[in-house]
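Everything on this sheet refers to the single structure shown next.
Each reported figure results from applying straightforward, stated rules to the coordinates on display, with no laboratory input. Keep in mind the model is a prediction, meaning the values are calculated, not measured. All Cβ positions, even for glycine, are placed from backbone atoms using ideal geometry, and neighbour counts span all protein chains on display.
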Amino acid sequence: MEAKLDYDVIERRAALRKRVFRTVDYFFLVLWAVMVLFPFYWMILTSVKSYSSYNSEYIPTFFTLAPTLENYREAFSAVPLARYFLNTLIFTVATTGLMMVVIVPAAFAFARLEFRGKQLAFTFFLSLMMIPGELVVITNFVTITNLHLRNTFTGLILPSVTSVFYIYLLKENFEQIPDELYRAAQVDGTSDFKYLTHVMMPISKPTLVTIVILKVIECWNSYIWPRLITDDPAYFLVSNGIQEIRENGFGRENIPAMMAAVVVISAPLIVLFLIFRKKIMAGVSRGGTKG
C-alpha cells in the first residue's frame with residue numbers, strides 16, 4: 001500500500017513539473033510572438049491614423065477611434081506605386097524562373113553525374129559563398145555598366161539568376177533519392193533529363209517550392225542592387241519606390257502615409273508566407289538532412 005502511495009506522489013510531482021515547464025514554454029513563446037508581431041501591428045495602426053491625429057499625439061496611443069484609408073490613397077497617388085508593383089512582379093518572375101532553369105541542372109550534375117574534377121569543382125563553387133557580397137556587387141556593377149545594361153530589366157535580372165546556396169540545398173536533397181532509382185532508369189534507357197524531370201523533381205517538390213518562395217521574397221525585398229543599377233523611375237522596384245515616396249512624394253513628415261505604403265508593399269509577402277509556410281518548413285528540413 002505504501003509503495004502505491006509513493007508511486008502516486010511521484011506521478012503527481014512529475015505531472016506538476018511537466019505543467020510548470022509547459023507554462024514557462026508558453027510564456028516565452030507568447031512573449032516572443034508579441035515582440036515579433038508588435039512592429040507589424042504598429043505599422044498597420046499608424047497607417048490608418050490621420051496625419052493630424054498622428055502629429056497631435058504627444059504620447060503614442062496603441063489604438064485609434066477614427067481609422068482612415070486616406071493614407072493608402074495618398075500612397076498610390078503621390079508616386080506611381082502601381083508601376084513599381086508591375087516592375088517588381090516582372091523582375092521577380094523573370095529572375096526566379098531563370099534561376100530555376102540554372103540551378104536545377106547544376107544541382108543534378110553535382111548530385112548524380114560523374115565527371116573528372118567533380119569534387120574539386122564543387123568545393124571551388126562553395127568557396128564562392130565566402131566572398132563578401134559587397135565585392136560581388138562592385139564586380140556586377142562594373143560588368144553591367146560596361147555592357148550598357150543600366151536602366152534595363154536585363155541589367156536588373158542577370159546578376160541574380162544563380163545562387164550557390166540554392167544549388168547546394170537542392171544537391172543535398174537530390175542525393176537523398178536512392179541511387180537504385182537512377183540505375184534502374186538507366187537500365188530502362190531513360191535519359192538524364194527525363195529522369196530529372198519525371199523522378200527527381202516530383203520527389204523534391206517541397207524543396208523546389210521552398211527555393212521558389214525564398215527567391216521571390218529575396219527579389220521582392222531587393223534594394224541595394226536595383227538602387228545602384230537604376231536611376232530611371234520607369235524601372236524602380238517597390239523597395240526603391242519607398243525611398244522615392246520619402247524623398248519626392250509626400251515628404252518625410254507624413255509618417256502615416258509612409259506606413260500605408262509599407263503595408264501595401266509587405267502584404268503580398270506576408271500572404272505568400274502564410275499560404276506556403278508548411279512547405280517552406282518541410283523543404284528546408286528535408287534539404288538540411290541526409291540519410
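Please sort through the DSSP H helices of the chain and keep those with an alpha-carbon extent of at least 18 Å along the long axis and a Kyte-Doolittle average not below -0.5. In the chain, the long hydrophobic H runs are 2-47, 81-112, 133-146, 205-220, 255-287. Which whole-angstrom value gives the distance between the alpha carbon centres of region 139-192 and region 50-103? The distance from the Cα centre of region 139-192 to that of region 50-103 comes to 32 Å. Considering only Pro178, Pro67, Pro159, the Gaussian network model of the chain with Cα springs below 10 Å gives its largest mean-square fluctuation to Pro178.
In region 80-287, Cα pairs under 8 Å separated by at least six residues give a relative contact order of 33 percent.
Highest GNM mean-square fluctuation among Val101, Val20, Val238, for the chain modelled with Cα contacts below 10 Å: Val20.
A Förster distance of 45 Å, applied to the separation of the beta-carbon atoms of Val34 and Phe193, puts the FRET efficiency at 0.35.
For region 21-86, what relative contact order do you get, as a whole percent, if you take Cα pairs closer than 8 Å and at least 6 residues apart? Dividing the mean separation by the residue count of region 21-86 yields 27 percent.
Only helical runs count toward this figure. For the chain, summing -39,500 (n - 2.57) over DSSP H runs of n ≥ 4 and dividing by all residues gives -23000 deg cm²/dmol at 222 nm.
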